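Structure record follows, encoded as structure tokens.
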Amino acid sequence: LKEDDAVEGINETYAVIDSPVLLIRESIDPVTKFPKVNYLTTHDLEIVQKNVLVKCENGTTKTADKVWLSSPNRRQYDSIVFAPGQNPEGAYNLFYGFAYPPKQGVCELFLNHILKVICSSNEEHCEYVLNWVAHLFQQPAVLPEVALLLQGTEAVSYTHLTLPTSDL
């Protein structure tokens, strides 16, 4: 394997972040099929790449991790951000977009569950909860500044609110 090929190959999956100093590996979650990022140490990279030998231009042989880490052509970012709808120059953006595209349809069962079960038929509370959830999707870069605390008996299923929204 040549130096340029090793660097190009590792760049497809790995990157270095300057501030804070991080080594990341991009992958696709095998269950959800969503993109994910793992944070690694240089030792982790060494273990993964130790069996990949690279023939250097000066005639020596090095492991791929050593070649990539010392290469000026390695994939590198100044910072890591969560910036929906933006592409800050020099930054690695953790926001890949929503997992599913918007879809027209009927959600009466979901809305009824929020009203009757989560909000105990209190329409004012229901409106607040729906606005809170809508905010997450309409302005994903802006933290809502409050968290919902759902409390009830063991038989009450609050996961019907959290599960549908967590996969998006």
**Study point:** Neighbour cut-off at most 13 other Cβ (10 Å), DSSP loop, GluC sites (Glu not before Pro), segment 70-156
**Key:** Glu89, Glu145, Glu154
**Study point:** Calculated FRET value between Thr13 and Glu108, using beta carbons and R₀ = 35 Å, to 0.05
**Key:** 0.20
Study note, to complete from the structure: Once the mean of 1/r over all distinct C-alpha pairs in the chain is inverted, the Kirkwood radius in Å reads 19.7 Å
Study note, to complete from the structure: Those trypsin sites (Lys or Arg not before Pro) from segment 1-98 that are DSSP loop and have at most 12 other Cβ neighbours within 10 Å turn out to be Lys33, Lys50
Practice item. Per DSSP H run of at least 4 residues, take -39500 (n - 2.57); add these up for the chain, divide by its residues and hand me the 222 nm value, nearest 500 deg cm²/dmol. Key: -9000 deg cm²/dmol
**Study point:** Eligible lysines near Lys50 by straight Cα distance, threshold 26 Å, same-chain separation 8 or greater
**Key:** Lys2, Lys36, Lys62, Lys66
Exercise for review: Report the full-extension gain for the segment Tyr100 to Leu150: residue separation times 0.36 nm, less the Cα-Cα distance, to one decimal in nm.
Suggested key: 15.4 nm
Revision key, fill the gap. In segment 1-86, taking the dipole from +1 charges on Lys and Arg beta carbons and -1 charges on Asp and Glu beta carbons about the Cα centre, the listed residue (Ile17, Val48, Ala6) farthest towards the positive end is Val48
Exercise for review: For segment 9-93, state which chymotrypsin sites (Phe, Trp or Tyr not before Pro) are in a DSSP loop and have at most 15 other beta carbons lying within 10 Å of their beta carbon.
Suggested key: Phe82
Check your understanding: By Kyte-Doolittle mean hydropathy of at least -1.0 and Cα axial length of at least 18 Å, which whole DSSP H helices of the chain are selected?
Key -> 123-138
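Taken together, the values in this text are just the output of simple stated rules run on the coordinates, not laboratory data. As the structure is a computational prediction, the values presented were derived from the model and not from experiment. All Cβ positions, glycine included, derive from the backbone under ideal geometry; neighbour counts span all protein chains shown.
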